[in-house]
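Got a structure here, written out as structure tokens. Questions coming.
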Amino acid sequence: MKQIVKKTILDNGITILTDYMPHAYSVAVGAWVPRGSRHEAKDEYGLSHFYEHLVFEGTENRSALEIARAIEDHGGNLEAYTTRQETGFYAQIERNQLPLAIDVIADMLMHPRMDKKEMEKERRVIIEEIHSYDDIPEEIVGDVFNAIHFKGCGIAHSITGNVKQVKALTHRQMLKYTEQVINEIPLLICAAGRIDHNTLVELCSEKFKQKKTNGKIPADTYKANNSVKVVQKQDIAQSNLFWGLSFDRSLMDERSRCALSLFNVAMGAGMASRLFQKIREDKGLAYSVYSTADIYCDCVDWGVSLATEPHQLHTALDLSLAETRSFLKHGFRKGEFDRTKANILGGMYLGADSPEKRVIRMAEQTLHLGDFRTMDQSEKTIQSMTEDEVVATTNRLFDAAKFSAAVIEPAGRKKTELAPDFF
């Protein structure tokens with residue numbers, strides 16, 4: 001499937017990308033700020049996420065209710081999210097309402113009111129959000145892993161910040177962040193759907209005219225450690241484990257990225273995956289078990305997440321390690337490589353029907369990889385991969401990686417011991 005992708009860079013540095021979908025009835029359009037939680041100073045933890053919340057609470061032209069109604073009254077939806085790498089704001093709406101969607105998003109980013117009273121109200125909302133995560137051991141164990149594995153690097157701290165950190169954030173810091181978005185940090189505008197590229201460029205030139213000449217993207221510094229940590233917590237029944245690794249992005253080109261994707265899907269990205277079949281289906285040790293991979297601008301991580309009865313934790317860990325080592329030594333099983341390729345390509349093309357999925361894919365590839373790969377390009381690369389190449393690449397990346405493991409387990413029992421050289 002050939003994608004019609006166009007790119008324009010405005011005089012003020014805003015990059016505009018469009019992915020034309022001739023048969024789509026809706027458009028998805030958004031603005032991405034290439035700053036996330038990893039770019040925050042120690043006294044700013046949680047600021048990017050707080051900013052994401054607060055721009056919804058009113059602009060110079062719209063109240064919070066008017067922001068919501070502007071999109072929802074046309075059957076659309078307005079979304080936002082913060083990651084460690086970026087903050088994104090996007091809308092999906094009927095294609096004739098593209099000017100409205102751009103107007104609302106630009107209004108939020110260029111003219112936010114940043115009212116002190118609204119900030120205090122939203123602070124309480126975010127604290128409740130943090131408490132909700134504190135009730136989910138699967139969320140906590142991921143944060144513990146990041147804290148120990150990436151210690152000394154911005155990826156180590158959580159996206160939301162903790163309650164104490166959120167309480168300490170000031171209105172002055174929020175105003176400074178807002179000014180940085182308007183005057184310094186470069187913006188990326190992406191859209192997918194039945195969109196005329198030149199029309200979008202004209203809309204962005206007008207609606208984002210307050211944006212000054214772009215500055216530099218915030219610097220990323222990667223650091224990783226070999227580490228293990230076990231935390232005991234009241235009022236939970238299962239032991240939650242996350243073990244994984246990371247390595248420098250310089251070790252991975254486009255073919256290596258596809259190799260890692262093939263490895264990850266085979267290992268733990270679905271019910272047919274090795275980890276699911278071995279740990280859940282064969283042994284009945286876990287309800288939830290999967291693997292995941294994240295690509296940052298400067299590093300890549302891969303890990304395994306599962307939850308099980310405390311007395312079965314070591315067994316589940318050993319099984320997950322054994323499955324991983326088996327792949328590294330013996331590679332794909334009969335028929336597994338072709339099925340994994342079909343899984344990835346099928347998922348990519350199923351997502352091709354969705355302007356929302358296509359616009360997020362475009363934005364995140366551009367921000368994380370430095371370039372956008374069309375689905376045709378990705379398909380050709382994946383189809384050209386061989387089993388030996390995937391196995392050799394995975395072994396090379398694992399050999400260069402740092403490994404860590406984190407456990408959240410019920411309090412009131414003997415603390416689980418994990419060896420630092422568990423892999």
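The values are calculated or read from the model by the stated rules, or taken from the named source; none is laboratory data. Bear in mind that the values here come from a model prediction, so they are computed numbers and not experimental data. Note that we place each Cβ from the backbone using ideal geometry, even for glycine, and neighbour counts take in every protein chain shown.
Could you look through the stretch 204-235, keep only residues that are of a type in the set (A, V, I, L, M, F, W, C) and at pLDDT 95 or above, and pick out the one that is surrounded by the most Cβ atoms within 10 Å (Cβ to Cβ)? It would help to see each step written out before you state the result.
Looking only at the stretch 204-235, we keep the residues that are of a type in the set (A, V, I, L, M, F, W, C), and these are 204, 208, 217, 219, 224, 228, 230-231.
From what is left, the residues that are at pLDDT 95 or above are 204, 208, 224, 228, 230-231.
Working: 204: 25, 208: 21, 224: 23, 228: 20, 230: 17, 231: 15.
Here the residue is 204.
Give me a count of the residues in the stretch 236-287 that are touching a Lys or Arg at 6+ places or on another chain (Cβ under 8 Å) and not in a helix (DSSP H, G or I).
Total meeting the criteria: 6.
Another question about this same structure. Scanning the stretch 1-42 for residues that are touching a helix residue (DSSP H, G or I) at 6+ places or on another chain (Cβ under 7 Å) and in a helix (DSSP H, G or I), which turns out nearest to residue 80 (Cα to Cα)?
Top of the filtered list is 37.
Another question, then. Suppose the filter is over 22 Å from the mean Cα position of the chain (by Cα), surrounded by fewer than 17 Cβ atoms within 10 Å (Cβ to Cβ), without any contact (Cβ under 8 Å) to a residue 40 or more places away in the chain and on the phi < 0 side of the Ramachandran plot; does residue 411 pass it? Please lay out each step first, then the result.
On the way: over 22 Å from the mean Cα position of the chain (by Cα): yes; surrounded by fewer than 17 Cβ atoms within 10 Å (Cβ to Cβ): yes; without any contact (Cβ under 8 Å) to a residue 40 or more places away in the chain: no; on the phi < 0 side of the Ramachandran plot: yes.
In short, no.
Could you tell me whether any residue of the stretch 268-279 is more than 17 Å from residue 343 (Cβ to Cβ) and in the same structural domain as residue 376 (by TED's automatic domain parsing)? Show your work before the answer.
First pass over the stretch 268-279, keeping only residues more than 17 Å from residue 343 (Cβ to Cβ): 278-279.
Of the ones still in play, those that are also in the same structural domain as residue 376 (by TED's automatic domain parsing) are 278-279.
Yes: the stretch 268-279 contains one or more residues that are more than 17 Å from residue 343 (Cβ to Cβ) and in the same structural domain as residue 376 (by TED's automatic domain parsing).
Right, residue 109: in the same structural domain as residue 35 (by TED's automatic domain parsing), under 24 Å from the mean Cα position of the chain (by Cα) and within 26 Å of residue 361 (Cβ to Cβ) or not?
Working: in the same structural domain as residue 35 (by TED's automatic domain parsing): yes; under 24 Å from the mean Cα position of the chain (by Cα): yes; within 26 Å of residue 361 (Cβ to Cβ): yes.
Yes.
Kindly indicate whether any position in the stretch 348-366 is charged (D, E, K, R), farther than 24 Å from residue 89 by Cα and touching a residue at least 24 places away in the same chain (Cβ under 8 Å). Can you show your working first?
Filtering the stretch 348-366 for residues charged (D, E, K, R) gives 353, 356-358, 361, 364.
Checking which are farther than 24 Å from residue 89 by Cα leaves us with none.
Within the stretch 348-366, none of the residues are charged (D, E, K, R), farther than 24 Å from residue 89 by Cα and touching a residue at least 24 places away in the same chain (Cβ under 8 Å).
A follow-up question, please. Return yes or no: is residue 242 more than 30 Å from residue 120 (Cα to Cα), assigned by TED's automatic domain parsing to the domain that holds residue 351 and either at pLDDT 95 or above or under 18 Å from the mean Cα position of the chain (by Cα) (or both)? Talk me through it step by step, then tell me what you get.
Details: more than 30 Å from residue 120 (Cα to Cα): yes; assigned by TED's automatic domain parsing to the domain that holds residue 351: yes; either at pLDDT 95 or above or under 18 Å from the mean Cα position of the chain (by Cα) (or both): yes.
For residue 242, the condition - more than 30 Å from residue 120 (Cα to Cα), assigned by TED's automatic domain parsing to the domain that holds residue 351 and either at pLDDT 95 or above or under 18 Å from the mean Cα position of the chain (by Cα) (or both) - is met.
Whether any residue in the stretch 302-319 is part of a helix (DSSP H, G or I) and of a type in the set (Phe, Trp, Tyr) is what I want to check.
We begin by selecting, within the stretch 302-319, every residue part of a helix (DSSP H, G or I); these are 310-319.
In the following step, the residues that additionally are of a type in the set (Phe, Trp, Tyr) were identified as none.
No, the stretch 302-319 has no match at all.
Right, here's the next one. Mind checking which residues of the stretch 43-53 are in contact with an Asp or Glu (Cβ under 8 Å, 6 or more places away or on another chain) and not in a loop (DSSP other than H, G, I, E, B)? Outline the logic, then answer.
Keep residues of the stretch 43-53 that are in contact with an Asp or Glu (Cβ under 8 Å, 6 or more places away or on another chain), which gives 46-48, 50, 53.
Matches in the stretch 43-53: 47, 48, 50, 53.
Of all residues in the stretch 292-314, count the ones that are buried (at least 18 other Cβ atoms within 10 Å of the Cβ), farther than 30 Å from residue 253 by Cβ and charged (D, E, K, R).
0
What are the residue pairs meeting all of these: first residue in the stretch 1-13, first residue within 16 Å of residue 379 (Cα to Cα), second residue of a type in the set (A, V, I, L, M, F, W, C) and surrounded by 12 or more Cβ atoms within 10 Å (Cβ to Cβ), Cβ atoms under 8 Å, and 6 or more apart or on different chains?
Every condition considered, the pairs that remain are 1/352; 1/375; 3/375.
For the stretch 1-37, which residues satisfy the criterion of being among the aliphatic types (A, V, I, L, M) and under 15 Å from residue 181 (Cα atoms)?
14, 31, 33, listed by residue number.
All but one of (1) closer than 29 Å to residue 421 by Cβ; (2) surrounded by fewer than 18 Cβ atoms within 10 Å (Cβ to Cβ); (3) of a type in the set (Ser, Thr, Tyr) hold for residue 393; which doesn't?
(2)
Here's a check for you: in the stretch 83-110, which residue that is in a helix (DSSP H, G or I) and of a type in the set (S, T, N, Q) is surrounded by the fewest Cβ atoms within 10 Å (Cβ to Cβ)? Show your work before the answer.
To start, the set of residues in the stretch 83-110 that are in a helix (DSSP H, G or I) comprises 95-110.
After this cut, where a residue has to be of a type in the set (S, T, N, Q) as well, the list is 96-97.
Working: 96: 12, 97: 21.
Looking at residues that are in a helix (DSSP H, G or I) and of a type in the set (S, T, N, Q), I get 96.
Next question. How many residues does the stretch 379-407 hold that are farther than 22 Å from residue 323 by Cβ and either touching an Asp or Glu at 6+ places or on another chain (Cβ under 9 Å) or modelled with pLDDT under 95 (or both)? Working first, answer last.
Step one: of the stretch 379-407, the residues farther than 22 Å from residue 323 by Cβ are 379-384.
Keeping just the survivors that are either touching an Asp or Glu at 6+ places or on another chain (Cβ under 9 Å) or modelled with pLDDT under 95 (or both) gives 381.
Matching residues across the stretch 379-407 total 1.
Same structure again: Hey, residue 423 hits all of (1) touching a residue at least 24 places away in the same chain (Cβ under 8 Å); (2) over 27 Å from residue 77 (Cα atoms); (3) part of a helix (DSSP H, G or I) but one; which does it fall short on?
(3)
Still on this structure, please answer the following. Kindly evaluate residue 59 against the criterion of being closer than 30 Å to residue 292 by Cα, in contact with a strand residue (DSSP E or B) (Cβ under 6 Å, 6 or more places away or on another chain), at pLDDT 95 or above and not aliphatic (A, V, I, L, M). If you could, list the steps in order and put the result at the bottom.
Details: closer than 30 Å to residue 292 by Cα: no; in contact with a strand residue (DSSP E or B) (Cβ under 6 Å, 6 or more places away or on another chain): yes; at pLDDT 95 or above: yes; not aliphatic (A, V, I, L, M): yes.
No; evaluated as a whole, the condition is false for this residue.
Please go through (1) in contact with a Leu (Cβ under 6 Å, 6 or more places away or on another chain); (2) within 30 Å of residue 77 (Cα to Cα); (3) among the aliphatic types (A, V, I, L, M) for residue 316 and return the number of the only condition it doesn't satisfy.
Answer for residue 316: the failing condition is (2).
So, one more: Can you name the number of the only condition in (1) out of contact with any Phe, Trp or Tyr (no Cβ under 7 Å at 6 or more places or on another chain); (2) more than 30 Å from residue 311 (Cα to Cα); (3) modelled with pLDDT of 95 or more; (4) of a type outside the set (Val, Ile, Thr) that residue 362 fails?
For residue 362, the failing item is (1).
Scanning the stretch 331-356 for residues that are charged (D, E, K, R) and either under 13 Å from the mean Cα position of the chain (by Cα) or not in a helix (DSSP H, G or I) (or both), which turns out surrounded by the fewest Cβ atoms within 10 Å (Cβ to Cβ)?
As a first pass, look at the stretch 331-356 and keep what is charged (D, E, K, R): 333-334, 336, 338-339, 341, 353, 356.
Retained after the next criterion (residues that are either under 13 Å from the mean Cα position of the chain (by Cα) or not in a helix (DSSP H, G or I) (or both)): 333-334, 353.
Numbers: 333: 12, 334: 6, 353: 11.
Filtering first and then ranking leaves 334.
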